[in-house]
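Q: Sharing a structure, written as structure tokens. Questions coming.
The values are calculated or read from the model by the stated rules, or taken from the named source; none is laboratory data. Just so you know, these numbers come straight off a predicted model, no measurement behind them. Note: ideal-geometry Cβ built from the backbone for every residue, glycine included; neighbour counts use all protein chains shown. These area figures cover heavy atoms from the full protein model, side chains too; ligands, DNA and RNA do not enter into them. Shrake-Rupley method; radii C 1.70, N 1.55, O 1.52, S 1.80 Å.
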Amino acid sequence: HGPYQPHEPGYGLDQPRYSPYEDVIPDAQARMMAIKNAKAYLLKTSTKSGLNLYDHFANILTKILDEQPANIVDIIENISKDVKWAQFRKKMDTLRDEPLISPTFEAAEKCKTLFIREGGEEEHEEVEEEMGEPALPNVMETAFYFEQAGIGLSKDESYYIFLALKNLVRAQPIQTCRFWGKILGLEMNYIIAEVLLREGEGDEETREEGEETTAEGEKEIGETEEEDGEKEKEAEPPKSTYKPPPEIPREANGTGTNKYVYFVCNEPGKPWVKLPPVTPAQIVCARKIKKFFTGWLDAPVVSFPPFPGNEANYLRAQIARISAGTHVSPTGFYQFADEEEEEEEGADTYEENPEFEPPPVAEMVESLATWAHHVKGILQQGRCVWINPIQKSEENEEDDDEEEEEEEAEEQQEERGPPLLTLISEDEGMKDIPAWTAQASTNLIPEYSVAILQSNRWPGAYAFASGRKFANIYFGWGHKYNAESHNPEMPPPAQAEFSTGPEITETVDPTVEEEMAFKIAQEEALAEDEEEEDEEGEDD
């Protein structure tokens, strides 16, 4: 480095005869200059952080003397980092900072409406007492029985759902209500309530739907008439002879797949949304696809084959399929009202058997014949009751068309499914996996155990039975079990090319000689015709 200059921090320290142990420092002025230069060097501000080493050392020493940690020499680097991090603070603004809202407070705000008791609630309870059985189910009692087998939600969430169902019963004209289950989604989940409306409440909505469809049909007819008028002015293109298959009508409200009405919400405290009725086309397409739910009812369902509707319709179709396959009850708990209905395969009504004697839990676990389906199965057509889609209309169709329809109707065979209250022991398994698995909630205290039934075809569907009490519930992704990986339906084969023939083959352009010969032949033919006409005139 060489000798220090007066403006450098180390100037004066290399003077001869200097020792740090001597009391008298030769040339004290040079020593003071060296100290000032060193301090000025330490006070230089960094261009990156805006700090200087002098203040940093002072803060480190202050922190060490205040805290007096052990083994300071081993943690001096960590203290230096802590002091630096404390210097970097948010820039203060003239506006007031937003208060930080804790997740607990947000959850409490969402559920706040569930704990508000309105004035008209007492009158609603009096009406329920007059009508008989209350519409609100005891969700906590059902959750207690399922908890014996480790199935269900937390107690807090179950109670929130209990309060949410209470608000639903208070807001809608509901005769019976039941917590159907919870379907999981990628972004949000669906809490589902199964509802049976009072008589006459669902008819108005169906009328409105019918009026909307008729109005849409009238609009389409008017548009087609206008298009036909425009086409008449122009040259009419060839019309297609393809006739699409007739649309299968959906089942009426209160019957079959639309026997119950379903309300859903993402979380307890959010508004309930009524799902639309399900159609056979939606059920048939839902069997061919496998999609995860997003939690948004208006989300499109992108699949092949194309699904006729959005996520709300797909959710409703999956609910119908799960209910038809997994809702069971102890054998003999329900019975048909009349013997004639028992013989009919299309019977959809049943009543509780007052003489039912519940079998012991051990028997319900060992034998699947002690359980029965109390919801009708869905046919391949997408309905619970088969219907012939081809209907005769003598007014608008000709006799030939009617004969063709009769031939097609003869070809279609009526489809029949298993009757109501069929034993689950008759259900087919999946390869080596049985359709159902039954077990007791505990083997340590069998006299107080609960019979638990689990569906292997629809993972997440459970049922319990304890004495005369039983319930069905579902917690899952809404997908059916498949022993193999899901294989989507293949697209249809490409359409064949139009068959070539002489009537559509282009001819070769004639040569000049051929055109002249054709012209001469035409002239000769005209001349012969004129001569024949003249001869006929002379004869007359």
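Q: Past 26 Å, Cα to Cα: identify those pairs from Lys182/Lys288; Lys291/Lys431; Lys155/Lys290, in the order given.
A: Flagged as over cut-off: Lys155/Lys290.
Q: Fully extended, how many nm does the chain gain between Leu53 and Val512 (0.36 nm per residue separation, minus their Cα-Cα distance)?
A: The Leu53-Val512 span can extend by a further 154.8 nm.
Q: Turning to a different aspect of this structure: Quickly rank 487-496, 443-452 as a protection proxy: mean count of other C-beta atoms within 10 Å, highest first.
A: Averaged packing, sorted descending, gives the order 443-452, 487-496.
Q: Heavy-atom accessible area of Thr331 with all protein chains present, probe 1.4 Å, nearest 10 Å²?
A: 60
Q: Which order do you get for Leu186, Leu100 if you rank them by accessible area with a 1.4 Å probe, largest at the top?
A: So, going from the largest accessible area down, we get Leu100, Leu186.
Q: For Lys288 and Glu355 in one chain, what is 0.36 nm times their gap in residues minus the Cα-Cα distance, to one decimal in nm?
A: Length gained between Lys288 and Glu355: 19.8 nm.
Q: Hey, what do the phi angles of region 437-448 turn into as Karplus ³J(HN,Hα) couplings, whole Hz, using 6.51/-1.76/1.60 and θ = phi - 60°, x for Gly and Pro?
A: Going residue by residue, I get 10, 10, 7, 8, 5, 8, 9, 6, 10, x, 5, 10 Hz, with x marking Gly and Pro.
Q: So, one more: Order the following by accessible area, largest value first: Ile191, Ile76. Probe radius 1.4 Å; ligands, DNA and RNA are ignored.
A: Putting Ile191, Ile76 in descending order of accessible area: Ile76, Ile191.
Q: For a quick check of understanding: with a 1.4 angstrom probe and all protein chains in place, what accessible area in square angstrom does Glu357 have, to the nearest ten?
A: Surface accessible to solvent at Glu357 totals approximately 150 Å².
Q: Out of residues 5 or more away from Leu379 or on other chains, whose amide H comes under 5 Å of its own, with H placed 1.01 Å from N in the peptide plane?
A: When sequence neighbours closer than 5 places are left aside, the close amide H contacts are Cys384.
Q: Keeping every protein chain in place, order Met140, Met188 by accessible area at 1.4 Å, biggest value first, i.e. largest first.
A: Result of the area sort, largest leading: Met140, Met188.
Q: How much of Glu311 can a 1.4 Å solvent probe reach, expressed as accessible area in Å² and rounded to 10?
A: 10
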